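What follows is a short report on a single structure.
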Amino acid sequence: MRLMDHTLQFSLLLTLLGFASILANASPMKNNFGHCERVVKKWAVSSLDPEVNEDKHTLRDLLFFLHVPRTGGRTYFHCFLRKLYSKSLECPRSYDKLRFDPRFLVHPNLTSATQMAERLRSKMRGVSTLDIWPWKYLVPWMREDLFARRDARRRRGSDDMQSNGAYDMEEIVMPLHEYINSPIALDIVHNGATFQVAGLTNNSYLEESHEVRHCVQKYEILGEHVLQVAKKRLDDMLYVGLTEEHRESATMFANVVGAQVISQWGALNMSMESVANNKSEQSSSFSISELENDDHQNSSIDHNSGQVTSTENDEATKQNMTVDRLMEAYEVCISSLRKEQAHRRTASLKRISPANFSKEGRLQVPGVILEQIRSLNRLDLELYKYAQDIFEKRHKHSMEKLFAIRNCCLVDWYALFTYHCFLCR
């Protein structure tokens with residue numbers, strides 16, 4: 001009986017030890033999630049600033065252009081912002097030298113291509129593709145992968161390629177299913193728009209942003225906090241545009257952002273004229289002898305007085321800009337830019353022929369892969385729907401305001417016309 005008691009006690013002890021071991025092994029996971037939850041919530045609370053009693057949709061001193069990659073931002077930079085702002089008013093640029101061109105495959109090997117890229121980069125004025133997010137991480141990775149596949153084909157000595165479409169041509173390019181599951185895509189690409197708007201990319205300068213991002217990537221449920229921050233930041237933005245509503249977006253940009261920039265130019269011109277008038281009044285008090293002394297000093301540059309620099313012409317064009325002229329310049333610019341991009345795309349795709357990424361090719365992507373992409377980018381899809389709602393409301397408000405202004409102008413014109421007719425009688 002005592003033997004059975006000892007055996008039972010020993011079995012019970014082992015069972016308790018087993019449960020203790022399970023709990024000990026489980027507690028780090030629980031504590032890890034708890035730590036991440038605290039970190040993410042703390043960041044979210046600090047990022048959701050209290051409401052400020054000011055018009056968020058009025059242009060301030062600095063216009064910050066946040067461009068989500070592959071959404072048509074280059075068009076806005078060249079065809080809108082450069083028409084509105086002179087180079088002297090631009091921050092260090094990131095669009096002038098942006099290129100990722102498979103034509104580098106003409107090099108004999110990856111080392112040669114990399115060295116050439118570095119030499120070109122050192123000669124460039126402005127910001128290189130390899131300096132900005134996300135291309136500074138994606139370009140070297142893509143370049144290395146393309147060379148590895150090309151070298152493998154050469155070693156094999158065969159051009160026979162089996163393919164189910166451009167997105168599944170592994171002898172030439174990385175198949176789509178492999179790409180979306182690669183570590184670098186999981187780290188940078190998926191939900192990239194949400195992380196970018198929230199300021200949580202792997203290129204962020206805030207130390208806590210990296211821990212927040214990794215916590216959200218590890219525990220999907222915590223992504224809701226990041227999504228709320230991103231939505232709040234969209235709400236606070238002066239303007240939000242959509243790629244598939246490009247024409248409507250452009251019109252709204254011209255009437256919302258463009259009109260305010262043009263207005264600021266007008267105020268600046270008035271201020272400069274006022275300063276010039278004051279200087280003119282002050283100069284009128286100079287003595288005749290002072291003016292005579294200045295005459296021979298200025299005569300040496302009189303012959304240059306008729307020359308106007310391109311910068312001055314540029315400034316004059318911006319000072320005479322109107323919303324209608326801005327849209328006209330935009331149409332001319334976008335037509336030229338699209339032709340240039342089409343030519344560059346055709347030349348680039350020749351280097352990875354027969355792979356051809358087209359609309360027809362995208363229709364061949366299996367549904368299971370599309371569903372996986374949706375799942376991996378859940379936050380981006382939610383943010384996109386929210387952006388659509390913002391765009392629809394603001395576009396409606398912008399059009400109503402524009403029609404009201406035009407109707408008011410018509411009423412004023414009619415009143416003036418009637419007045420003149422009355423005088424004629």
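The values are calculated or read from the model by the stated rules, or taken from the named source; none is laboratory data. Note that the coordinates shown come from a computational prediction; the quantities given were computed from them, not determined experimentally. Please note: Cβ atoms are built from the backbone with ideal geometry, for glycine as well, and neighbour counts cover all protein chains shown. Each accessible area value is taken on the protein alone, full model and side chains, heavy atoms only, with ligands, DNA and RNA left out. Shrake-Rupley method; radii C 1.70, N 1.55, O 1.52, S 1.80 Å.
Kindly write out, for the range 341-352 in residue order, the coupling ³J(HN,Hα) from the Karplus curve 6.51 cos²θ - 1.76 cosθ + 1.60 (θ = phi - 60°), rounded to whole Hz, with x marking Gly and Pro.
These are the phi-based 3J(HN,Hα) values: 5, 5, 5, 5, 5, 4, 5, 5, 5, 4, 6, 10 Hz.
Which of Lys136/Lys350; Lys83/Lys396; Lys359/Lys393; Lys41/Lys396; Lys218/Lys350 have a Cα-Cα distance over 32 Å?
Lys41/Lys396; Lys218/Lys350
I need the phi-derived Karplus couplings for the range 325-331: 6.51 cos²θ - 1.76 cosθ + 1.60, θ = phi - 60°, integer Hz, Gly and Pro marked x.
Values per residue, Gly and Pro as x: 5, 4, 5, 5, 5, 5, 4 Hz.
Would you kindly state how much longer the chain becomes between Asn203 and Ala148 on full extension, computed as 0.36 nm times their sequence separation minus their alpha carbon distance, in nm to one decimal?
Extra length available between Asn203 and Ala148 comes to 17.1 nm.
Accessible area per residue of the range 185-274 at 1.4 Å probe, in Å²?
44 Å²
Tally Lys and Arg at +1 and Asp and Glu at -1 over the other residues with C-beta under 13 Å from the C-beta of Gln372: what net charge comes out? Display every interim value, and only then the final one.
Working: positive: Arg374, Arg378; negative: Glu178, Glu371.
Counting the neighbours of Gln372, the net charge comes to 0.
Can you give the accessible area per residue of the range 32-92, in Å², using a 1.4 Å probe?
Heavy-atom accessible area per residue stands at 67 Å².
What does the charge count around Cys333 come to, taking other residues whose C-beta lies under 9 Å from its C-beta (Lys +1, Arg +1, Asp -1, Glu -1)?
So the surrounding residues net to +1.
Assuming 0.36 nm per residue, please report the length gained on full extension of the stretch His210 to Ser348 beyond their Cα-Cα distance. If you can, show how the numbers build up before the last one.
On the way: separation 138, 0.36 × 138 = 49.68 nm, distance 3.49 nm.
Stretched out fully, the His210 to Ser348 stretch lengthens by 46.2 nm.
Count the net charge of all other residues whose Cβ sits under 11 Å from the Cβ of Glu178, scoring Lys and Arg as +1 and Asp and Glu as -1.
Every neighbour counted, the sum reads -3.
Kindly state, to the nearest 0.05, the FRET efficiency for Lys56 paired with Ser112, given R0 = 45 Å and r defined as their beta-carbon distance.
On the way: r = 51 Å, r/R0 = 1.13.
Working from the Cβ atoms, E equals 0.35.
Rolling a 1.4 Å sphere over the protein heavy atoms, what is the accessible area per residue of the range 343-409, to the nearest Å²?
72 Å²
Leu186 versus Ser335, label points 7 Å from Cα toward the beta carbon: distance in nm?
Between Leu186 and Ser335, the simple spin-label model gives 4.9 nm.
Which stretch or stretches of the range 56-70 have amide N atoms under 19 Å from the point lying 7 Å from Thr243's Cα along the Cα→Cβ direction?
Inside the label zone: 65-70.
Can you tell me which of 331-342, 383-394 comes out highest on packing, and rank the rest after it, using the mean Cβ neighbours within 10 Å?
383-394, 331-342
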